[in-house]
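The block underneath contains the structure these notes are about, expressed in structure tokens.
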Amino acid sequence: ALGRAVARREDVADRVVGHAELGAVGGLKPGPAALTKVFAGLDEKGLLKRALNLNDAVARGVRDQSPSPLASYLFDFCQEFNSFYGKTSILKQEDPAVRAAYLQLVAACAVALETGCGLLGIEMPSRM
């Protein structure tokens with residue numbers, strides 16, 4: 001599965017970046033002020049960077065001919081996301097544009113996690 005992932009690396013990056021570009025959520029596109037507010041925190045910046053590092057983890061796994069680098073990446077990413085989610089009241093944001101920006105960040109993380117787990121043969125639940 002990791003070998004096939006190399007051929008699809010660009011597709012994965014495009015999907016994650018597409019979500020990371022923070023398009024419209026529920027018809028609301030976050031403006032510059034909302035994006036500045038959301039990404040002012042180190043947790044948010046780190047989380048987005050981690051999501052975008054999926055390709056590197058896949059490449060290391062292919063190079064090493066081992067699923068271990070990808071599994072380690074996913075474990076660390078899940079811990080980082082859990083920490084962020086525990087500290088951030090996403091749905092309680094009063095500003096709808098800020099809420100939309102947070103939801104797009106979560107969507108980008110979901111794409112990276114689903115893709116990485118799929119490459120390892122792990123099915124993701126549709127809801128948690």
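Count Lys and Arg as plus one, Asp and Glu as minus one, and take only other residues whose Cβ is under 11 Å from that of residue 73; the net charge is then -1.
Whenever you get a sec, line up 66, 83 from highest to lowest accessible area (probe 1.4 Å, protein heavy atoms).
On the way: 66 35, 83 55 Å².
Descending accessible area places them as 83, 66.
Rolling a 1.4 Å probe over the protein chains gives residue 106 an accessible area of about 40 Å².
Measuring only protein heavy atoms, the 1.4 Å probe finds residue 64 accessible over about 80 Å². Along segment 90-95 the Karplus relation, 6.51 cos²θ - 1.76 cosθ + 1.60 evaluated at θ = phi - 60°, assigns HN-Hα couplings of 5, 6, 8, 5, 6, 7 Hz to successive residues, with x for each Gly and Pro.
The values are calculated or read from the model by the stated rules, or taken from the named source; none is laboratory data. Fair warning: this is a prediction, and the values are worked out from it, not measured in the lab. Don't worry about glycine lacking a Cβ; one is built from the backbone with ideal geometry, like all the others, and counts go over all protein chains shown. All accessible areas refer to the heavy atoms of the entire protein, side chains included, with ligands and DNA or RNA removed. Shrake-Rupley method; radii C 1.70, N 1.55, O 1.52, S 1.80 Å.
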